[in-house]
Amino acid sequence: MEIQAEIENYENPIKELIGKSISDVNYFEIDYGKPLWDETDYHSLDYGVELITTDEQAYYFVWGTEFTQYDVKFRKGNILTEFSSENGAKKYNANSNQKWTELIGIKISEIESCWSYWSLINEDKRNYYPQDVRIEFENGKEIWFSALEITDGKAMGMKDHLTIVFDQKVADKYKIGIKNVW
């Protein structure tokens, strides 16, 4: 199946994180004068997150346009290759945030992507894209990165936000991490 090969090609670089531990977390968002990412149940970034592992490698998730207008993009390297702080992006270190303190220093044990699709009315072709990425840690905690924005308690996919969810209950509430079966 063609989509299965696409998923494997997408996941292979992300799976390089398995067995590694995160030592530093940096959020990047448009500078609104103050950080707006810290919501009660989730973090929502208008751009992305950079993860530094204990072996000093940098990885990042941003909302991207690799497969469709807004999807979850993952890369190894410096997040500033996507944009610069000169164009209005501000960096916030999230290490001391309680949601992250339970994950920093814990080895990553599993990673999977959850894909969705869209098609035009009266069109048979489905356009597949990575909507969510789930990372599981050895302590049983999980985290989801999703290309969606939550407004007034409603999740809207394919948005120019990267939303980070830290538990299954919240992921279920916003329908994050639902695997499509083709």
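Residues that are basic (K, R) and farther than 13 Å from C114 by Cα were ranked within the range 130-182; the one that is modelled with the lowest pLDDT is K159.
Report, ordered by the first and then the second residue, all pairs with beta carbons closer than 9 Å, sequence separation of six or more or different chains, a first member in the range 92-117 that is at positive phi, and a second member that is not aromatic (F, W, Y). What qualifies is G105/S21; G105/I22; G105/S23; G105/T54. Of I18, I3, I30, I52, all but one fail to be closer than 15 Å to R134 by Cα and in contact (Cβ under 8 Å) with a residue 12 or more places away in the chain; the exception is I18.
Within the option set N12, N26, being more than 23 Å from G153 (Cα to Cα) and open to solvent by less than 20 Å² (accessible area, probe 1.4 Å) holds for one residue only, N26.
Filtering the range 144-182 to residues that are β-branched (V, I, T) and crowded, with 21+ Cβ neighbours inside 10 Å leaves I150, T163, I164, V165, I176. Note on the range 60-76: among residues that are assigned to a loop (DSSP other than H, G, I, E, B) and open to solvent by 30 Å² or more (accessible area, probe 1.4 Å), the one that is farthest from L17 (Cα to Cα) is Q69. If you filter the range 115-141 down to residues that are of a type in the set (A, V, I, L, M, F, W, C) and open to solvent by 80 Å² or more (accessible area, probe 1.4 Å), you find that the one that is farthest from K20 (Cα to Cα) is I121. For D55, are the conditions met, namely being assigned to a strand (DSSP E or B), open to solvent by less than 80 Å² (accessible area, probe 1.4 Å) and either touching a helix residue (DSSP H, G or I) at 6+ places or on another chain (Cβ under 7 Å) or not aromatic (F, W, Y) (or both)? In short, no.
Scanning the range 38-76 for residues that are acidic (D, E) and farther than 11 Å from F28 by Cα yields D38, E39, D41, D55, E56, E66, D71. Scanning the range 17-52 for residues that are in a strand (DSSP E or B), among the hydroxyl-bearing types (S, T, Y) and farther than 15 Å from G105 by Cα gives Y27, Y42, S44, Y47.
The values are calculated or read from the model by the stated rules, or taken from the named source; none is laboratory data. A quick note: this is a predicted structure, and the numbers were derived from the prediction, not measured. Every residue, glycine as well, gets a Cβ built from its backbone with ideal geometry; the counts of neighbours run over all protein chains shown. The area values use the complete protein model at the heavy-atom level, side chains included, leaving out ligands, DNA and RNA. Shrake-Rupley method; radii C 1.70, N 1.55, O 1.52, S 1.80 Å.
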